1. State whether one or more residues within the range 110-120 are farther than 23 Å from Thr54 by Cα, in contact with a Leu (Cβ under 7 Å, 6 or more places away or on another chain) and buried (at least 16 other Cβ atoms within 10 Å of the Cβ).
2. Would you mention how many residues in the range 63-89 are assigned to a loop (DSSP other than H, G, I, E, B) and at pLDDT 85 or above?
3. Just to be sure I understand the filter: pairs with C-beta atoms under 9 Å, separated by 6 or more residues or on different chains, first member in the range 34-47 and over 11 Å from Tyr23 (Cβ atoms) and of a type in the set (Asp, Glu), second member modelled with pLDDT under 90 and not in a helix (DSSP H, G or I). Which pairs pass?
Amino acid sequence: MRSLDETDLEIIALLLEDARRPYNDIADRVDVSAPTVSDRIDRLERLGIIQGFTVDIDRSSFSDGIEVLIDVALCASQNGTVTTDLAAVEGIEHVFMTSDARLLAVGTLQSQDVGPSLLSALDAGQIESYRVHLIQERAWEPSLADRSINLTCESCGDDVTENGRSLRFDGGLYHFCDRECRSAFEDQQTPLAESS
């Protein structure tokens with residue numbers, strides 16, 4: 001595996017500005033061919049650096065609801081699917097779980113539907129309390145702050161360089177600095193898989 005170079009970072013920055021930008025436009029800006037841009041974007045997706053291309057929709061322009069931020073304080077006992085359960089509610093666009101057991105969601109809902117939507121997605125015993133805030137204004141400006149992306153070895157924590165290896169395992173993508181670290185990781189996972 002090759003490490004990310006300046007061309008990769010420029011491609012990522014251009015996609016952050018406009019994810020629908022044509023490959024030939026990107027190619028002109030980074031001085032490579034359009035097929036090279038396509039290959040690099042495919043590689044960045046395989047590495048898990050680019051996880052998808054999305055559309056940011058203003059639901060309030062075609063929905064009867066209002067845009068709200070829902071802040072849910074969860075009880076200590078909860079299942080591991082609360083984020084995906086809440087994300088499945090019609091009108092919910094983004095869901096975040098914080099380290100202090102708070103569930104934050106942004107969506108466009110009718111005000112009278114917030115409580116029933118929460119109870120349809122989560123068990124009442126999981127909810128300690130919740131608050132609903134009307135969103136007045138929002139901004140989202142993704143960027144590469146220091147224009148560097150370093151992959152870290154799953155085994156030893158070192159940076160992954162051109163000698164690196166990747167492994168898809170149990171639904172995840174893992175990166176390693178070399179063959180030995182990948183082998184060590186696989187050896188640690190084998191007993192877990194055999195005991196299941």
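The values are calculated or read from the model by the stated rules, or taken from the named source; none is laboratory data. A quick note: this is a predicted structure, and the numbers were derived from the prediction, not measured. Here the Cβ is made from the backbone with ideal geometry for all residues, glycine too, and neighbour counts use every protein chain on show.
1. yes
2. 2
3. Between residues of the range 34-47 that are over 11 Å from Tyr23 (Cβ atoms) and of a type in the set (Asp, Glu) and residues that are modelled with pLDDT under 90 and not in a helix (DSSP H, G or I), the close pairs are Glu45/Gln51; Glu45/Gly52.
To keep it simple, each residue is scored yes or no on (1) surrounded by 10 or more Cβ atoms within 10 Å (Cβ to Cβ); (2) β-branched (Val, Ile, Thr); (3) at pLDDT 80 or above.
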residue	(1), (2), (3)
Ser129	no, no, yes
Leu134	no, no, yes
Trp140	no, no, no
Asn150	yes, no, no
Thr161	yes, yes, no
Ser166	yes, no, no
Glu186	yes, no, yes
